[in-house]
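A short worksheet on the structure shown next.
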Amino acid sequence: MSNTEPRPAGSPATDDDPDTAPVGPFPGVTSPGRGALPALAVPVLGGLALAVVLGVYGRLHEPGTVAVSVAGFSGPAYVKAWLTTVAVLLAVVQLVSALNMYGRIGHASPSWVSTLHRWSGRLAVLVTVPVVVHCLYVFGFGYDSPRVLVHSLAGCLFYGAFATKMLSLPRRDVPGWTLPVVGGVVFSALVALWLTAALWLFTTRGVHL
Amino acid sequence: MLRTPYLTLAAVVVLGLVLLAVDMAVQPPASAPPAAAPPPAEAAATAPAAATPPTTAPAATTFPPRVRYVGDVVSDGSTIPVAVTVDGDHAKAYVCDGHHVEAWLQGPAGAGVLDATGRNGNHLTGHLEGDRLTGTVHLAGRADAPFTASPTTDARSGVYRQSGSGRTTGWIVRGDAGQVGLSHDGSGAVTPPPPLPVAGPLPAGVVPVDGTTDVLAAS
């Protein structure tokens, strides 16, 4: 058996040892070293906890009948659809600026790119908060149709992955692939949320405010 | 600098909790316990009901045992169909324009007067004038609007409802004047439902609303 993956010291490869470590290649992968995977434990467990809390609240909470609405829109569904659309556009800025910072786009990464990345990310997640509060409060975690189930799961995944990313960022001891992978999960989950709600609304009810 | 992601996470959590608290604060208390709300409303509504008929409805002071009214609400210069079923001392009402306005209401009826409440503070009061039902509808976010509805003898006219697996659908069948309906699947969006057949058996799960139908039940 050829096994070239870096393994944490103290866990020798054996034939019945399942390949649980991430399979590369990842940019900037360094040998995690001792304590690297435990270093991920806090962010990952924090994210898991938030995702589970959101899902359980959405399932157990008796759906409300009224929520604060925003003037100028035809209804809460469209407020949410447009807020999610704004978040997805900001997330594209996130993706491009991250690719630049990791040297995948362009030859250099000016310092303003990381500022742009930080603030577009903050704004993106902030505009999703009214949406998720409405979703959780009025609808909860639903599984009536595949679309609703995927949307509910993606919502929990999005905030769980976001929490994991925020908890990982200040840590210097996490593996190099952590931020790209977790950021990719956040981005993918947000796109899934947009596809299963905003795009669905726009195609079934028309594109308007 | 090192700690700003924690601040971002905290800000998101705090904003979420604040919005949740606001939503909880504006929740009308009447709709919180749907089963417990009607009895006090009934007690409150029947007391004035006993006193008002002599002045408001001199001709007919009592509802027939089972009657369906179909008519229109005049709201902001347009008309919105409304249908009311009075079954014994229960009134059930459905206001629906077939596009984006709908409201389910229910409450006590007696002595020619009915008082039905719905979600979001929606409220409908009506009294008999001759054999017609007339009154006022308050829909959340709209000005109070008058309505008039006539009793129907057409077998299919009235309010129909289908509720289950997260989807609630309502229809007002208006005899020769057609029908309107709205359906929502719990996502916040509403769609027009397939029309009901004008005769013959109803589709599975569709029931004519009567005094036993809980029109405010969550599906």
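The values are calculated or read from the model by the stated rules, or taken from the named source; none is laboratory data. All values reported here derive from a predicted model rather than from experimental measurement. So basically every Cβ, Gly included, is an ideal-geometry build from the backbone, and we count neighbours across all protein chains shown. Ligands, DNA and RNA are stripped out before the accessible areas are found, and what is left, the full protein with its side chains, is counted by its heavy atoms. Shrake-Rupley method; radii C 1.70, N 1.55, O 1.52, S 1.80 Å.
Averaged over its residues, how many other protein chain Cβ atoms are within 10 Å of peptide A:117-127's Cβ atoms?
2
Compute, for A:Asp144, the solvent-accessible surface of its heavy atoms (probe 1.4 Å) with the complete set of protein chains present, and express it in square angstrom to the nearest 10.
Accessible surface of A:Asp144 is approximately 90 Å².
Want the number for B:Asp210 to B:Asn120: 0.36 nm per residue separation, take away the alpha-carbon distance, what's left?
Roughly 30.2 nm would be gained on extension.
Amide H of B:Ala111 versus every other amide H placed in the peptide plane: which residues, excluding those fewer than 5 positions away on the same chain, fall under 5 Å?
Excluding prolines and chain starts, which carry no amide H, the hits are B:Phe63.
First select every other residue whose beta carbon is under 11 angstrom from the beta carbon of A:Gln94; then total the charges, Lys and Arg +1, Asp and Glu -1.
+3
In whole Å and largest first, what semi-axes does the C-alpha gyration tensor of region A:144-187 yield when each eigenvalue is scaled by 5 and square-rooted?
Equivalent ellipsoid semi-axes, largest first: 27, 9, 5 Å.
Evaluate E = 1/(1 + (r/R0)^6) for A:Arg104 and A:Ala49, where r is the Cβ-Cβ distance and R0 equals 45 Å; express this FRET efficiency to the nearest 0.05.
0.90
For region B:66-208, what is the relative contact order in percent, using Cα pairs closer than 8 Å and at least 6 residues apart in sequence?
20 percent
Rounded, prolate or oblate: pick one for region A:74-163, where a ≥ b ≥ c are the square roots of the eigenvalues of its C-alpha gyration tensor, a/c under 1.5 means rounded, and failing that, prolate if a/b is larger than b/c, else oblate.
prolate
Counting heavy atoms of the protein chains only and a 1.4 Å probe, report the per residue accessible area for region A:38-205 as a whole number of Å².
With all protein chains present, region A:38-205 gives 48 Å² per residue.
Compute for chains B and A the buried accessible surface, both sides summed, probe 1.4 Å, and express it in Å² to the nearest 100.
Buried: approximately 2800 Å² between A and B.
I'd like the FRET efficiency for A:Leu123 and B:Ser165, computed as 1/(1 + (r/R0)^6) with the beta carbon distance as r and R0 of 41 Å, rounded to 0.05.
Approximately 0.65, to the nearest 0.05.
With a/c under 1.5 counting as rounded, go ahead and sort region B:71-219 into rounded, prolate or oblate using the C-alpha gyration tensor (a ≥ b ≥ c being the square roots of the eigenvalues; past the cut-off, prolate if a/b is larger than b/c, else oblate).
rounded
How long are the three semi-axes of the equivalent ellipsoid for region A:38-205, computed from the Cα gyration tensor as the root of 5 times each eigenvalue, in whole Å, largest first?
29, 20, 13
Can you tell me the relative contact order of region A:67-165? Whole percent, Cα pairs under 8 Å, sequence separation 6 or more.
26 percent
Shape call for region A:122-201 from the C-alpha gyration tensor, a ≥ b ≥ c root eigenvalues: rounded (a/c under 1.5), prolate (a/b greater than b/c) or oblate?
Prolate, since a/c reaches 1.5 and a/b exceeds b/c.
If I model a spin label at B:Val198 and A:Trp112 as a point 7 Å from the Cα along the Cα→Cβ vector, what separation in nanometres do I get?
6.8 nm
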